[in-house]
Amino acid sequence: MGFSSSLLGSFLFLVLMFSVAHGQPLVPALCIFGDSVVDVGNNNNLLTLVKANFPPYGRDFTTQRATGRFCNGKLATDFAAETLGFTTYQPAYLSQEATGSNLLIGANFASAASGYYDRTAQLYDAIPLTQQLEYYREYQKKVVKIAGRSNAASIFSDAIYLVSAGSSDFVQNYYINPLLYGVYTPDQFSALLMQYFSAFIQNLYGLGARRIGVTTLPPIGCLPASITLFGLGSNKCVERLNGDAVSFNNKLKTTAQGLKKRLSGLKLVVFDIYQPLLDLINKPADNGFLEARKACCGTGTIETSLLCNSLSIGTCTNATEYVFWDGFHPSEAANKILADELLVQGISLIS
């Protein structure tokens, strides 16, 4: 940790100095795709049960109101946007804020319950990744109209693109869907997801994206809801599920290496979320946390989305002591630590 912490410190200092001197972000725009870990409110505008636009979600956010983020406060991508020098967050593409010059700093296309496998999103009436890409095409046309073709092209090529997907494919689809687990082994399902991941990156590249970061799966067997649903009464991480995540992550790294070799000028970074989050779960006290098994909201064992609401009995008063906010999602305090890790790993996207 010593090296990465000092590196991070130097990097943050450089970012700060740059921002002060130039008054502008390190990159022109940030575009975000994926699932509930990065959704900032697109699902608010959908006919889906998977929403977070009501209390106690957002209670510790800067505005102290629910925005659609599946967290008590900021997401890891919010912290990343701040460190990159953005003074406002990229708007949810389906929100009223996503108009005019607001789009010049990028947009967020993510949708809770989405994944690499389109049918995962369709199960929950969320926005599949292929549709998120269509919205991005539409976004590009809007930016060309605002900024002109030449300026728009440099925005698209210099922007950073972040992709977070895969967890919903397993936890909200594969493990509970006999039509999938009866046909595919976890290894085969991972291989199928890689085909969709590869196609998505190639399509994004074809639209001008050159700096792309993609997150690994977290230790999905340690999510409070996973332990409750799949732990067979145990109070420990479900190792079978964590093993599936590790296997998926290895495939992701190999696939990413292949894409970088094939696609000229592509910077593609695989962000390891697995180990940093596992460290927080296994050694919470080392990072100032008291609770890593139960989430803050309600009983902390399964609540998420509609189950985590203002009437949830037992919701904690101090979420900074908890690694998890609800049964699936990290707290703002955990997101801050994860965001710092992402910055250390993603320096090559900026340089």
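The values are calculated or read from the model by the stated rules, or taken from the named source; none is laboratory data. Here the structure is a predicted model, which is why all the values come from computation and not from measurement. For neighbour counting, all protein chains shown are included, and Cβ atoms are generated from backbone atoms with ideal geometry for every residue, glycine included.
Residues that are modelled with pLDDT of 95 or more, buried (at least 22 other Cβ atoms within 10 Å of the Cβ), part of a loop (DSSP other than H, G, I, E, B) and not basic (K, R) do occur in segment 79-90. Close Cβ contacts (under 7 Å, 6 or more residues apart or on different chains) running from residues in segment 264-292 that are farther than 15 Å from L342 by Cα to residues that are hydroxyl-bearing (S, T, Y) and at pLDDT 95 or above comprise L266/Y205; F289/Y322; E291/Y322.
For every residue, the table says whether it meets (1) farther than 24 Å from P128 by Cβ; (2) of a type in the set (G, A, S).
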site	(1), (2)
V144	yes, no
G148	yes, yes
A153	yes, yes
L217	no, no
I227	yes, no
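Does L229 qualify as being out of contact with any strand residue (DSSP E or B) (no Cβ under 8 Å at 6 or more places or on another chain) and closer than 30 Å to Y139 by Cβ? When the stated conditions are applied, L229 does not pass them. How many residues, within segment 124-152, are crowded, with 18+ Cβ neighbours inside 10 Å, closer than 20 Å to Q172 by Cα and not hydroxyl-bearing (S, T, Y)? Counting residues in segment 124-152 that are crowded, with 18+ Cβ neighbours inside 10 Å, closer than 20 Å to Q172 by Cα and not hydroxyl-bearing (S, T, Y) gives 5. Only one residue in R210, R240, R262 is basic (K, R), touching a helix residue (DSSP H, G or I) at 6+ places or on another chain (Cβ under 8 Å) and more than 22 Å from F33 (Cα to Cα). Which one? Of the residues listed, the single one that is basic (K, R), touching a helix residue (DSSP H, G or I) at 6+ places or on another chain (Cβ under 8 Å) and more than 22 Å from F33 (Cα to Cα) is R240. Among what's in segment 178-188 and is free of Cβ contacts under 8 Å to residues at least 24 places away in the same chain and closer than 23 Å to I227 by Cβ, pick the residue that is surrounded by the most Cβ atoms within 10 Å (Cβ to Cβ). Top of the filtered list is L180.
For segment 110-123, name all the residues that are of a type in the set (D, E, K, R) and either surrounded by 24 or more Cβ atoms within 10 Å (Cβ to Cβ) or without any contact (Cβ under 8 Å) to a residue 60 or more places away in the chain (or both). Result: R119, single match. Looking at segment 295-309, which of the residues that are in contact with a helix residue (DSSP H, G or I) (Cβ under 8 Å, 6 or more places away or on another chain) and among the hydroxyl-bearing types (S, T, Y) is nearest to I227 (Cα to Cα)? The residue in question is T301. Looking across segment 273-290 at every residue that is outside any helix (DSSP H, G or I) and crowded, with 18+ Cβ neighbours inside 10 Å, the one that is farthest from the chain's Cα centre (by Cα) is identified as F289.
Considering each residue of segment 295-318, count those that are surrounded by fewer than 24 Cβ atoms within 10 Å (Cβ to Cβ) and not hydroxyl-bearing (S, T, Y), and give that number. Here the count works out to 10.
Among the residues examined, S198 does not qualify as at negative phi, outside any strand (DSSP E or B), touching an Asp or Glu at 6+ places or on another chain (Cβ under 8 Å) and not charged (D, E, K, R). Note on segment 32-58: residues that are touching a residue at least 60 places away in the same chain (Cβ under 8 Å) and more than 25 Å from I201 (Cα to Cα) total 11. Set side by side, the residues A191, A153, A126, A107 differ, and just one is in contact (Cβ under 8 Å) with a residue 40 or more places away in the chain and in a loop (DSSP other than H, G, I, E, B), which is A126. Between N250, N235, the distinction of being in contact with a Lys or Arg (Cβ under 9 Å, 6 or more places away or on another chain), farther than 30 Å from R149 by Cβ and either buried (at least 18 other Cβ atoms within 10 Å of the Cβ) or polar (S, T, N, Q) (or both) belongs to N235 only.
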